[in-house]
Amino acid sequence: MTQWHILGAGSVGCLMARLLAEHDIRPQLILSSPARRADWQAEQLDYQYQQQRQKVAVQLLCAAELKTPLDHLLICTKAYATERALAPLLPYITPQTTLLLLQNGMGMHEWMMRTSPDNPLILGTISHGAYRTRADHVVHSGWGQCYWGTWQPSTAPQMMTPLLSSAWEAQWCDDMQVRLWHKLAVNSTINPLTVLYNCRNGELLRNAEALALMQTLCAELTTIMYRLAIPLPADGLWPLVRSIAERTAANISSMRQDVLNNKPTEIAAITGYILRKSQQLGMNCPAHEEVMARFMTQYGSA
């Protein structure tokens, strides 16, 4: 029987563990250090949705405890931590290991294509809401979608069955590159600005200065996507971003949560990625440059 390992036992990694458990799979969560075991009461995940709670059997281990090659590795780490987290796993990643990348921002897929060109690479994007109250308790706070696919269109391999669930609105798509760019547009327009204006998502729409900046960011990214031949949403980027901000009005963005908890952010994989693409195209993106400059000035580092 093939095994599923999850690298990154945060809220998204824990949601994926719960989804895999629906198929009688006991996922193996790779912890960052042996000391993290003390944060878990047992090898069980306490999953909560509204008032319903369920115990999910998992296996906890560290990289040093791996013995055999990995079959399927689901990578749910923050973008900035991925290379470091993957380093001790490299001896156990063979050309037959399927790598699945599920994180905010973009750029890591390009690095993985370069460093592991022979490995099957599946990309994901998720809009389900989740947070942890402790290491082993995840609250599924909002229903959304989950899409999986490859950078170039392809059909879903059989091994993806456990992650494709109609109940979770988790499905395979043949336009994954487009979906990732649309998700990047949402993240780059909302997340950094909630930090700069110290507010929840919906409050941006009631701030005239923030609102104007959001629209300018969308306009700049529209030009980049046009130059890269990435299809835009039918109504354009701004209506998409605005609708997400309205739908998640009460949410605290993941980037703002990171700042409030004195953790590194993923701005380099979000705004930074857009600026790198604009430079490659020989374009100026003053609004994105302003966001990055203000962010770095206020917080000193990404």
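The values are calculated or read from the model by the stated rules, or taken from the named source; none is laboratory data. These figures come from a predicted structure and were not determined experimentally. A quick note on method: Cβ atoms are made from the backbone with ideal geometry, for glycine too, and the neighbour counts reach across all protein chains shown. When the accessible area is computed, the model is the full protein with side chains, heavy atoms only, and any ligands, DNA or RNA have been set aside. Shrake-Rupley method; radii C 1.70, N 1.55, O 1.52, S 1.80 Å.
Shape call for segment 216-302 from the C-alpha gyration tensor, a ≥ b ≥ c root eigenvalues: rounded (a/c under 1.5), prolate (a/b greater than b/c) or oblate? Judged from the Cα gyration tensor, segment 216-302 comes out oblate (a/c at least 1.5, b/c at or above a/b). If you model segment 41-150 as an ellipsoid using its alpha carbon gyration tensor, with each semi-axis the square root of five times an eigenvalue, the axes come out at 27, 19, 12 Å, biggest first. Classify segment 5-89 as rounded, prolate or oblate from the Cα gyration tensor: take a ≥ b ≥ c as the square roots of its eigenvalues, call it rounded if a/c is under 1.5, otherwise prolate when a/b beats b/c and oblate if not. It is prolate, given that a/c is not under 1.5 and a/b is the larger ratio.
What the phi angles of segment 149-165 give under the Karplus curve with 6.51, -1.76 and 1.60, with θ = phi - 60°, is a coupling list of x, 10, 4, 9, x, 7, 8, 6, x, 4, 5, 7, 3, x, 9, 9, 9 Hz, glycine and proline written as x.
GNM on the chain, alpha-carbon springs under 10 angstrom: the most fluctuating residue among THR82, THR189, THR68 is THR68. Computed over the chain with a Gaussian network model linking Cα atoms closer than 10 Å, the most mobile of THR125, THR94, THR115 is THR115. Between the amide H of GLY129 and those of SER141, GLY142, TRP143, GLY144, distances stay under 5 Å, these residues lying 5 or more places away or on another chain, with hydrogens modeled in the peptide plane. Sparse packing (at most 16 other Cβ atoms within 10 Å of the Cβ) combined with a DSSP loop state is found for the following GluC sites (Glu not before Pro) in segment 39-123: GLU43. Surface exposure of the chain, expressed per residue as accessible area with a 1.4 Å probe, stands at 47 Å². Secondary-structure-derived ellipticity at 222 nm for the chain, considering helices only, amounts to -11000 deg cm²/dmol, per-run term -39500 (n - 2.57) for DSSP H runs with n ≥ 4. Looking at segment 133-243, the pairs of alpha carbons with a distance over 16 Å make up 68% of the total. By the equivalent-ellipsoid construction on the alpha carbon gyration tensor, the chain comes out with semi-axes of 31, 22, 19 Å, ordered largest to smallest. The distance linking segment 86-155 with segment 240-302 is 20 Å (Cα centroid to Cα centroid, whole angstrom). For segment 18-33, 3J(HN,Hα) computed residue by residue from phi via the Karplus equation (6.51, -1.76, 1.60; θ = phi - 60°) reads 5, 5, 4, 4, 5, 9, 6, 9, 9, x, 9, 8, 8, 7, 6, 7 Hz, glycine and proline entered as x. Computed on segment 100-179, the Cα convex hull volume stands at 123 Å³ per residue. Relative contact order for the chain: 15 percent, from Cα pairs under 8 Å spaced at least 6 residues apart, divided by residue count.
Residue pairs exceeding 26 angstrom between C-alpha atoms, taken from LYS55/LYS263; LYS78/LYS183; LYS78/LYS277; LYS67/LYS263: LYS55/LYS263; LYS67/LYS263. For segment 240-248, the Karplus equation 6.51 cos²θ - 1.76 cosθ + 1.60, evaluated at θ = phi - 60°, returns couplings of 5, 4, 4, 5, 5, 4, 5, 5, 10 Hz by residue, with Gly and Pro reported as x.
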